[in-house]
Amino acid sequence: MSLFFIAVGSLCGICGILAILLVIADRHLNDYGTCAITINGGDRKLDVKGGESLLSTLVGESIFIPSACGGRGSCGLCKLKVNAGAPPLLPTEEPHLSKDEAKDNVRLSCQIKVRQDMDIVIPEELFSIRQFRAVVASIRDMTYDIKRIRFELIDPETIDIVPGQYIQLEAPAYAQSPEPVYRAYSIATDPRDTRHIELLIRRVPNGICTTWVFDHLKEGQEVTLNGPYGDFRIQETDADMIFVAGGSGMAPFLSMLAHMHNEESKRRCTYFFGANARRDLFCLEEMAEYEKKLPNFRFVPCLARPDEGDNWDGDTGLVTQVMDKYITDFSDKEAYLCGSPGMIDASIKVLTAKGMPEARVFYDKFA
């Protein structure tokens, strides 16, 4: 049996090495020359060096397309309509495209290479996305694996956000990554503060950006950001709201709660926050302050697996189980979810089973 696993491991290693060599060979041995990219029927035209992904090529021209996964093809956000010049649909794209999107020439811009002239369509609102230089004003440990980082903007000096949006942080080239990569993080800032951006970043084992953040990023260091992106936001209704999150999914709700306080909101809101053990909880004092400042706000933290010695007398169980216990009818409410795909899918199942129309469920699903 051990020989079998050794053989499988060796084969995977060889395949990985071959894949890397193919990428290097394609980048350095194939010369695609200069390619023309026509945008929105000729409103704009770019002459670019061929060979890179469409996403990377556009970033190089200061055109920023949403990409929560940093171009790995796992988030499905970097969709663009490509009328001409794209290869046949790739297997890595198919899971993220509906049949109608595929028929309409919608593609994942991170997966297709610029190897010839292209004709593409970019939504006009994306041309307003800007790149920012910023300096790290502070880094705070919220838990053993989550940091709260505050950036002060340098150029441009201000940004306007809608609570719920996200921004992309560039991790520069370092030992673990030979080239810069972007990763998306929800904005945790009070929207009135136009000079700063705050992010909650959770360490991902061997994650390119989070390793850089946790092991290399220092206060006073200059960074590059771009954004803001996204349409996750509070709807302008009077419906009671349900917030559901875990871990760094707290971020957009910090911004939303600050906005509700600024607007002196009277809307009813119950925020269910799930964690494994006591050491995974944070911002408890901040939530207690919002419970004082917002008359109809309630924060419900819960632990799935409290450790011995946690002395936890709050709710236990998965966040979906606790939510299900507290509320019997969701038909007249709205839900806002932020977290892993598994948590969001499980929450939607509970919400819809108790009467909430899926059209009233709004979420930011981590890639």
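The values are calculated or read from the model by the stated rules, or taken from the named source; none is laboratory data. Keep in mind it's a predicted model, so treat the numbers as computed, not measured. Here the Cβ positions follow ideal geometry from the backbone for every residue, glycine too, while neighbour counts run over all protein chains shown.
Structural remarks
- Residue match in the range 314-336 (condition: small (Gly, Ala, Ser), within 25 Å of the chain's Cα centre (by Cα) and closer than 23 Å to ALA68 by Cβ): yes
- Candidate set from the range 195-227 (those that are among the β-branched types (Val, Ile, Thr) and touching a residue at least 40 places away in the same chain (Cβ under 8 Å)); member that is nearest to GLY339 (Cα to Cα): ILE201
- Filtered by the rule that a residue be out of contact with any Pro (no Cβ under 7 Å at 6 or more places or on another chain) and either modelled with pLDDT of 90 or more or loosely packed, with under 14 Cβ neighbours inside 10 Å (or both), the range 173-187 gives TYR174, ALA175, PRO178, GLU179, ARG183, ALA184, TYR185.
- Within the range 215-232, being surrounded by fewer than 18 Cβ atoms within 10 Å (Cβ to Cβ) and farther than 17 Å from PHE132 by Cβ holds for ASP215, HIS216, LYS218, GLU219, ASP231.
- Residue within the range 88-105 that is crowded, with 21+ Cβ neighbours inside 10 Å and among the aliphatic types (A, V, I, L, M) present: no
- Counted residues, the range 136-159 - those being in a loop (DSSP other than H, G, I, E, B) and without any contact (Cβ under 8 Å) to a residue 60 or more places away in the chain: 4
- Listed conditions (1) in a strand (DSSP E or B); (2) closer than 24 Å to GLU52 by Cβ; (3) within 17 Å of the chain's Cα centre (by Cα) are all met by ARG133, apart from (3).
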